[in-house]
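For reference, the structure is listed below as structure tokens.
Only the coordinates and a few stated rules stand behind these numbers; no lab work does. These figures come from a predicted structure and were not determined experimentally. Cβ coordinates were reconstructed from backbone atoms using ideal geometry, including for glycine residues, and neighbour counts include every protein chain displayed.
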Amino acid sequence: MMYDVIIVGGSYAGLSAGLQLARARRQVLVVDAGQRRNRFAATSHGFLGQDGQAPEAIVAQGRSQLMQYPTVTWVQDSVIEASAESQGFAVRSECNGTFHAKRLILATGVVDTLPAIEGLEQRWGKHVFHCPYCHGYELDKGRIGVLATSPLAMHHALMLPDWGTTTLFTQGVFTPDAEQQAQLDRRGVSVESGAVRRIFGERAGLQLDDGRVFSLDGIFTMSRTQISPLAAQLGCEFDDGPTGAYLHTNDMRQTSMPGVFACGDASLAAGSVALAVAEGVRAGVGAHFSLING
């Protein structure tokens, strides 16, 4: 069967793109591996109408609504290869063979590579976060640590005093210059330069290499992000972002490869559920316009 659009990824962005196309009565296939980026978090915040809901509940409701449309097919699988062909595109899945479509939407999200610090990975999404807007409020003006992985930690450090008493752990990654230090002082941010040995305890205890211990309510840090290899297989262009490469798209979320669209964290330098849903709308509408215009 030749679908109108295949959407790779059935999380927030992919569901949102699919809904636009389903309502345009297009034949849509969603192939989803079920690995949401925020699967480690107990609740999701900042998305109007769903604030405080469990991520899996938001996705389940979205999928239920999408699957009410008879032109949508859902396959639970991983896509391992994508290529262009004469009439559109082919995607090969791990377990269900190859599928074909006139257009392709990459809503694959990203994979986070975390700082190699003992105890951090186990607390990711629970007491260690990347987005203040998503998780800062719940720290209740408590004690917040910023764990530097690059000089861009200044961005986090200057934001987070709105959510609590903030300490920047530079880890020797960078030393604030005089102007930066003045900015930190104005925001009331403390600075510690020692390397972090481990994160421990029920919440976010932090120990430096010199043995000093800090009791924190939450820690923010930047991961490095990686995009699915499908985009490179298709020859899509990338832009450089603060945490890694992301897909270059135009205003309608078409990539540099005609007929291939992208949405969600894979096409944004920063992401959240609300942004992913909004970008999914643009990609779905963009793919529909592309089908109309040939």
Exercise for the section: Considering the options N250, V30, T73, tell which one lies farthest towards the positive end of the dipole of the chain, charges being +1 on Lys and Arg and -1 on Asp and Glu at the Cβ, about the Cα centre. Expected result: T73
Handout entry: Taking segment 115-221 and dividing mean pair separation by its residue count, relative contact order in percent (alpha carbons under 8 Å, at least six apart)
Key = 34 percent
Practice task
Give me the orientation-averaged projected area of the Cα convex hull of the chain, in nm², one decimal.
Solution key: 15.9 nm²
Handout entry: Electrostatic dipole magnitude of the chain [Cβ: Lys, Arg +1; Asp, Glu -1; Cα centre; debye, to 20]
Key = 680 debye
Exercise for the section: Please tell me the relative contact order of segment 32-134 in percent, rounded to the nearest whole number, where contacts are Cα pairs under 8 Å and at least six residues apart. Expected result: 27 percent
Fill in the blank from the handout: For segment 47-96, shape from the Cα gyration tensor axes a ≥ b ≥ c, cut at a/c of 1.5 then a/b versus b/c, turns out prolate
Completion exercise
Measuring from its Cα centre, segment 115-221 shows a charge dipole (+1 at each Lys and Arg Cβ, -1 at each Asp and Glu Cβ) which, in debye to the nearest 20, is 160 debye
Exercise for the section: With an 8 Å cut-off on Cα pairs and a minimum separation of 6 or more residues, tell me the relative contact order of the chain in percent. Expected result: 22 percent
Fill in the blank from the handout: When the charge dipole of segment 115-221 is computed with +1 on Lys and Arg Cβ and -1 on Asp and Glu Cβ about the Cα centre, the Cα farthest towards its positive end, among G201, G119, P176, belongs to G201
Handout entry: Rg and Dmax [Cα atoms of segment 115-221; Å; Rg one decimal, Dmax integer]
Key = 12.5, 37
Problem - 4 °C / 1.567 mPa s Stokes-Einstein diffusion coefficient of segment 60-193, Kirkwood radius on C-alpha pairs, µm²/s - result: 68 µm²/s
Problem - Charge context of S16, other residues only, Cβ under 12 angstrom, K/R +1, D/E -1 - result: +3
Practice task
Could you work out the longest stretch of the chain that avoids the trypsin sites (Lys or Arg not before Pro) located in DSSP loops with at most 16 other Cβ atoms within 10 Å?
Solution key: 40-125
Practice task
May I have the extent of the alpha carbons of segment 228-294 along their three principal axes, as whole Å values ordered from largest to smallest?
Solution key: 36, 28, 17
Practice task
Just flag the GluC sites (Glu not before Pro) in segment 66-117 sitting in loop per DSSP whose Cβ has no more than 15 other Cβ atoms within 10 Å.
Solution key: E94
Exercise for the section: Evaluate E = 1/(1 + (r/R0)^6) for A57 and D239, where r is the Cβ-Cβ distance and R0 equals 35 Å; express this FRET efficiency to the nearest 0.05. Expected result: 0.60
Practice task
Output the DSSP H helices from the chain with an along-axis C-alpha extent of no less than 20 Å and a mean Kyte-Doolittle hydropathy no less than -1.0.
Solution key: 273-293
Practice task
With viscosity set to 1.002 mPa s and temperature to 20 °C, compute the Stokes-Einstein D of segment 84-149, Rh being the Kirkwood radius across alpha carbon pairs; µm²/s, no decimals.
Solution key: 133 µm²/s
Handout entry: Sorted by Cβ neighbour density within 10 Å, fewest at the top, the residues L120, L160
Key = L120, L160
